[in-house]
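The values are calculated or read from the model by the stated rules, or taken from the named source; none is laboratory data. If you're wondering where the values come from, they're calculated on a predicted model, not measured in any experiment. Cβ atoms come from the backbone with ideal geometry, glycine included; neighbour counts cover every protein chain shown.
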């Protein structure tokens, strides 16, 4: 057998001012193109990713592997058409040469300049070439499921955790379903539904209510064999497209009535709890003052309004400014995205004192926010290449790349400044730069939920800080125009 495997992964924040060219899917590669072929297989094999699971399954059944593209870009604005077309065509070319099945590690919330539904468009192009090709699709928990995705894929499975620690297991679930289909053991049928709910990502995690026992019921149905597979997608709310919402997707065989009842029950549970999926914001100054009163550390301050893995710019400085103005000390801060400041520190050299106009280089027009750099003075402590291997339960084994980075020591804080945007969720983000996070009283990071994979185990306290930015949890700030209306909570009086 010959299998086509691919990874094309992007969560598109349609409000983000950060563009997404092809090079964003190839950070650190001189040619600006995503990794492919044997090099991609070697890079992903043994990692906690769906693609790694697909590789293992293909090798288990001794299938020939074609891996035309493996590219993951940090969440940002619309994907450039040239980037999408290049990656999609690589997959389509591999399918044209002939194959028995395709295993796709996608996100489910990609929006391009021309397509609201990047994954659906990719699947449609594949179907034009191979109408009957069995296709397995592993999706992120934050996928915005479209009718086209469901129609064009043979099986779809979603992550069941957030932080996403089950990515390999999801690839295995999804891939084994397709292998069983290829052997004629099952004929998978899809039953699905989407709720008009703009859920807050801070309230979505299956590790906590209100999602915990909704996902728990789906897992139980899957485990007991009531259905072949069950996925609940929290959805990605920072996309102004028609497909946003909380989705339940069930894979069944002949027991469609059972699958439909399960779908309806899960959707009913979610709708009854819709108010619990709304995060209540508080002023930044109030959150920081509360953190200042806490005893012992590390105290993890989580600025979720400027979170890279939801499309944030990673250079909004208001939260950093507030911590310094309230007199917090013994802090590790970062990373802050500011390539210019990194070069200034490199040119000055380790041990030199510098004054930086740090961050604030990016305007956010959709929110009416102008970039405001923060002037900071300190000593250049370290310069790094920004590379480290993930050891926490999420993306274990992957090499992350922050680009050239440097640490500024202001006395009150060691601030890590980076050249490439990447959410801090593994302790290696600080440790690779010579900062031991467990030794600090405060850790100020820009994250939302993924930080829990690496930082929650060491945290004495966690304080969520509703800083400004393109990933704000106050959805009233965003100029939504294309959402399906009515939708909760923007239209709070709606009835289902």
Just one of 268, 305 is under 21 Å from residue 474 (Cα atoms) and either touching a residue at least 60 places away in the same chain (Cβ under 8 Å) or in the same structural domain as residue 209 (by TED's automatic domain parsing) (or both); which is it? 305
When you check residue 414 against the structure, is it out of contact with any helix residue (DSSP H, G or I) (no Cβ under 6 Å at 6 or more places or on another chain) and under 30 Å from residue 35 (Cβ atoms), yes or no? no
Given the criterion surrounded by fewer than 22 Cβ atoms within 10 Å (Cβ to Cβ) and either over 25 Å from residue 269 (Cβ atoms) or in the same structural domain as residue 393 (by TED's automatic domain parsing) (or both), identify the matching residue among 189, 194, 176, 217. 176
By residue number, the members of the stretch 45-61 that are assigned to a helix (DSSP H, G or I) and either out of contact with any strand residue (DSSP E or B) (no Cβ under 6 Å at 6 or more places or on another chain) or modelled with pLDDT under 95 (or both) are 52, 53, 55, 56, 57, 59, 60
Mind listing whichever residues of the stretch 153-163 are farther than 19 Å from residue 228 by Cβ and either surrounded by fewer than 24 Cβ atoms within 10 Å (Cβ to Cβ) or not assigned by TED's automatic domain parsing to the domain that holds residue 97 (or both)? 161
Residue 244 passes all but one of the listed conditions (1) crowded, with 24+ Cβ neighbours inside 10 Å; (2) assigned to a loop (DSSP other than H, G, I, E, B); (3) without any contact (Cβ under 8 Å) to a residue 40 or more places away in the chain; the exception is number (3)
Boolean, residue 85 is in the same structural domain as residue 187 (by TED's automatic domain parsing) and either assigned to a loop (DSSP other than H, G, I, E, B) or surrounded by 24 or more Cβ atoms within 10 Å (Cβ to Cβ) (or both): no
Scan of the stretch 395-415 for residues that are surrounded by fewer than 17 Cβ atoms within 10 Å (Cβ to Cβ) and closer than 23 Å to residue 70 by Cα, ordered by number: 397, 399
Yes or no: residue 199 assigned to a loop (DSSP other than H, G, I, E, B) and more than 30 Å from residue 45 (Cα to Cα)? yes
In the stretch 20-44, residues that are in a loop (DSSP other than H, G, I, E, B), at pLDDT 95 or above and over 22 Å from the mean Cα position of the chain (by Cα) total 0
Would it be correct to say that residue 319 is at pLDDT 95 or above, in a helix (DSSP H, G or I), surrounded by 14 or more Cβ atoms within 10 Å (Cβ to Cβ) and touching a strand residue (DSSP E or B) at 6+ places or on another chain (Cβ under 9 Å)? yes
Can you name every residue in the stretch 428-444 that is within 18 Å of residue 385 (Cα to Cα) and surrounded by fewer than 22 Cβ atoms within 10 Å (Cβ to Cβ)? 428, 431, 432, 434, 436
Taking the options 150, 137, name whichever one is assigned to a helix (DSSP H, G or I) and either touching a strand residue (DSSP E or B) at 6+ places or on another chain (Cβ under 7 Å) or buried (at least 24 other Cβ atoms within 10 Å of the Cβ) (or both). 150
Sole miss for residue 352 among (1) surrounded by 15 or more Cβ atoms within 10 Å (Cβ to Cβ); (2) in contact with a strand residue (DSSP E or B) (Cβ under 8 Å, 6 or more places away or on another chain); (3) not assigned by TED's automatic domain parsing to the domain that holds residue 194 is condition (1)
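Check 305, 312, 334 and return the single one that is at pLDDT 95 or above, touching a helix residue (DSSP H, G or I) at 6+ places or on another chain (Cβ under 9 Å), under 28 Å from residue 460 (Cα atoms) and in a loop (DSSP other than H, G, I, E, B).
On the way: 305 fails: in a loop (DSSP other than H, G, I, E, B); 334 fails: in a loop (DSSP other than H, G, I, E, B).
Among 305, 312, 334, only 312 is at pLDDT 95 or above, touching a helix residue (DSSP H, G or I) at 6+ places or on another chain (Cβ under 9 Å), under 28 Å from residue 460 (Cα atoms) and in a loop (DSSP other than H, G, I, E, B).
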So which residues in the stretch 263-280 are buried (at least 21 other Cβ atoms within 10 Å of the Cβ) and either modelled with pLDDT under 95 or touching a strand residue (DSSP E or B) at 6+ places or on another chain (Cβ under 6 Å) (or both)? 263, 266, 267, 270
